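Trainee: This is the structure I have questions about; it appears just below.
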Amino acid sequence: VDALTPERRSENMRRIRSKGMKPELEVRKLVHGLGYRYRLHVKSLPGKPDLVFASRRKIIQVHGCFWHQHKDPACRIARKPKSNISYWIDKLKRNEERDSRQARWLAKEGWTVLTVWECSVQDKKKLARTITRFLNN
Ligand SMILES: [Zn+2]
């Protein structure tokens, strides 16, 4: 039995989603600090990718570990939902399918994509190295 009303549920989802905004802001700040310039959420590309480096034809996507179900066993954030399980499984499965559709399209159009996972944002030094290597190659 689903105990949440639709209003309550979308309220919960909003909260989770806005919490998920923070890693993206941290990555933006870091990349900016490294001296790279980018465009945000380019609407002409599928899924409005987070950071777009058009002249390098590169993209950085920041993925929330829960929303995008990070598969790394070391990840401590990508927990499985404990309630409304069938609702969440369906929802997360659709996220995953959308992600892979977008990734295929972008690759076909010649874009190289770096996915930065929420749980990797904590180690800024390592992340800075990864991003620099990605953008300079
Ligand atoms: Zn993770």
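The values are calculated or read from the model by the stated rules, or taken from the named source; none is laboratory data. None of these values were measured; they are calculated from a predicted model. Note that each Cβ is placed from the backbone with ideal geometry, even for glycine, and that neighbours are counted across all protein chains shown. For the accessible areas, the whole protein counts, side chains as well, though only heavy atoms, and no ligand, DNA or RNA atoms are used. Shrake-Rupley method; radii C 1.70, N 1.55, O 1.52, S 1.80 Å.
Trainee: Scan the range 73-80 and give yes if some residue there is in contact with a helix residue (DSSP H, G or I) (Cβ under 8 Å, 6 or more places away or on another chain), more than 10 Å from the ligand (Cβ to nearest atom), at pLDDT 90 or above and of a type outside the set (D, E, K, R), otherwise no.
Mentor: no
Trainee: Among the numbered criteria (1) at pLDDT 95 or above; (2) away from the ligand (no atom under 14 Å from the Cβ), which one does Ile85 miss?
Mentor: For Ile85, the exception is condition (1).
Trainee: When you go through Lys58, Lys43, Lys91 one by one, which is the residue that is open to solvent by 70 Å² or more (accessible area, probe 1.4 Å) and not aromatic (Phe, Trp, Tyr)? Quick ask: steps written out before the conclusion?
Mentor: Numbers: Lys58 fails: open to solvent by 70 Å² or more (accessible area, probe 1.4 Å); Lys91 fails: open to solvent by 70 Å² or more (accessible area, probe 1.4 Å).
The match here is Lys43.
Trainee: Do we find that Val62 is in contact (Cβ under 8 Å) with a residue 40 or more places away in the chain and either more than 14 Å from Asp99 (Cα to Cα) or within 16 Å of the ligand (Cβ to nearest atom) (or both) in this structure? Steps first, please.
Mentor: Working: in contact (Cβ under 8 Å) with a residue 40 or more places away in the chain: yes; either more than 14 Å from Asp99 (Cα to Cα) or within 16 Å of the ligand (Cβ to nearest atom) (or both): yes.
Judged against the criteria, Val62 is a match.
Trainee: Still on this structure, please answer the following. Has the range 98-115 got any residue that is within 21 Å of Asn136 (Cα to Cα), open to solvent by 20 Å² or more (accessible area, probe 1.4 Å), within 16 Å of the ligand (Cβ to nearest atom) and not acidic (Asp, Glu)?
Mentor: Scanning the range 98-115, I find at least one residue that is within 21 Å of Asn136 (Cα to Cα), open to solvent by 20 Å² or more (accessible area, probe 1.4 Å), within 16 Å of the ligand (Cβ to nearest atom) and not acidic (Asp, Glu), so the answer is yes.
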